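The values are calculated or read from the model by the stated rules, or taken from the named source; none is laboratory data. From a predicted model like this one, the values you see are computed outputs, not experimental measurements. Glycine gets a Cβ as well: all are built from the backbone with ideal geometry, and neighbour counts include every protein chain shown. Protein only, heavy atoms only, side chains kept; ligands, DNA and RNA dropped before computing areas. Shrake-Rupley method; radii C 1.70, N 1.55, O 1.52, S 1.80 Å.
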Amino acid sequence: MQYQFSMNESVESVTRKLVALCKTQKAPESRAQMFRLFQLLCSMKFDFYLILSILCNLNEFSTSELKIILQASPSPDQILQPTPQNIRITIPRWTPSKYHSGRIADIVTDVYEKIDRALPGIYIYNSNLNPKNARSLNDLYVLVIVENSIRWYDINRRCNYSFSKPTITEEVYTHVENSFM
């Protein structure tokens, strides 16, 4: 019997291999094990942001998997209204490299539309994912949307933001308040 994992491997290496295994094999038990490992590592205070950056390599996420990510997430550093200006604030560095996910204005628009439509999923944005030079600095940003929760993760800076839409009553109150000013 050939083993896929060695006891001498690092936790990061095992996690990366398990994600790769989940991508190549459509085995639901491997995927479930991956998320149990994710929960275990997070509960043991391993670096959530590093684990999330590895987990992002999986294809498509179910609602229950997205909820697991949000449950393990550190508290947000800030809660913001989802405006293009606030979205741009959460992206402190975006390179002009040809290896980015798009122009910064297009990224902000894309994020805003996904939040506005509440499109469930996990979305990855790279500022400089240079395949020719793995040592080049890449700022990785991850957007997670599930039900009423919206999180923006800045992987390199180890911080995250929650975007919350105002409730209908807050919107009406603000509109009424502004119309009398």
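Ignoring everything except DSSP H segments at least 4 long, calculate the 222 nm mean residue ellipticity for the chain; use -39,500 (n - 2.57) per segment, divide by total residues, nearest 500.
-13500 deg cm²/dmol
Can you figure out the FRET efficiency of residue 165 with residue 36, using R₀ = 30 Å and their beta-carbon distance, to the nearest 0.05? It would help to have the intermediate numbers written out before the result.
On the way: r = 32 Å, r/R0 = 1.07.
The value I calculate is 0.40.
Hey, in the GNM for the chain with a 10 angstrom Cα cutoff, which one of 133, 156, 57 fluctuates hardest?
Answer for the Gaussian network model of the chain: 133.
Leaving out ligands and nucleic acids, and using a 1.4 Å probe, what accessible area per residue does the chain come to in Å²?
Accessible area per residue: 61 Å².
List the residues whose amide H sits under 5 Å from the amide H of residue 150, counting only those 5 or more places along or on another chain, with H placed 1.01 Å from N in the peptide plane.
Those lying under 5 Å, H to H, from residue 150 are 163.
Each residue of the stretch 151-156 in turn: what ³J(HN,Hα) in whole Hz from Karplus with 6.51, -1.76, 1.60 and θ = phi - 60°, glycine and Pro shown as x?
Couplings: 10, 10, 10, 9, 5, 5 Hz.
List, in order, the whole-Hz ³J(HN,Hα) value for each residue of the stretch 86-94 obtained from phi through the Karplus relation with A = 6.51, B = -1.76, C = 1.60 and θ = phi - 60°; use x for Gly and Pro.
5, 4, 4, 4, 7, 10, x, 9, 9
Could you list the trypsin sites (Lys or Arg not before Pro) in the stretch 66-96 that lie in coil according to DSSP, counting only those with at most 15 other Cβ atoms within 10 Å of their Cβ?
Listed in order of number, the matching sites are 93.
Report the full-extension gain for the segment residue 116 to residue 79: residue separation times 0.36 nm, less the Cα-Cα distance, to one decimal in nm.
Gain in length upon complete extension: 11.7 nm.
Please express the shape of the chain as an equivalent ellipsoid: the semi-axes are the square roots of 5 times the eigenvalues of the C-alpha gyration tensor, given largest first in whole angstrom.
For the chain, the ellipsoid semi-axes come out as 34, 20, 14 Å.
Roughly speaking, to the nearest percent, how much of the chain's 1.4 Å accessible area is carbon and sulfur?
Roughly 55 percent of what the probe reaches on the chain is carbon or sulfur.
Which length gain, in nm to one decimal place, applies between residue 71 and residue 133 when the Cα-Cα distance is subtracted from 0.36 nm times their residue separation?
The span from residue 71 to residue 133 would gain 18.9 nm if fully extended.
In nm, to one decimal, how far is the residue 11 label point from the residue 63 one, both placed 7 Å along Cα→Cβ?
3.2 nm
Name the residue, out of 118, 20, 134, whose mean-square fluctuation peaks in a Gaussian network model built on the chain with Cα pairs under 10 Å.
Ranking 118, 20, 134 by mean-square fluctuation puts 134 first.
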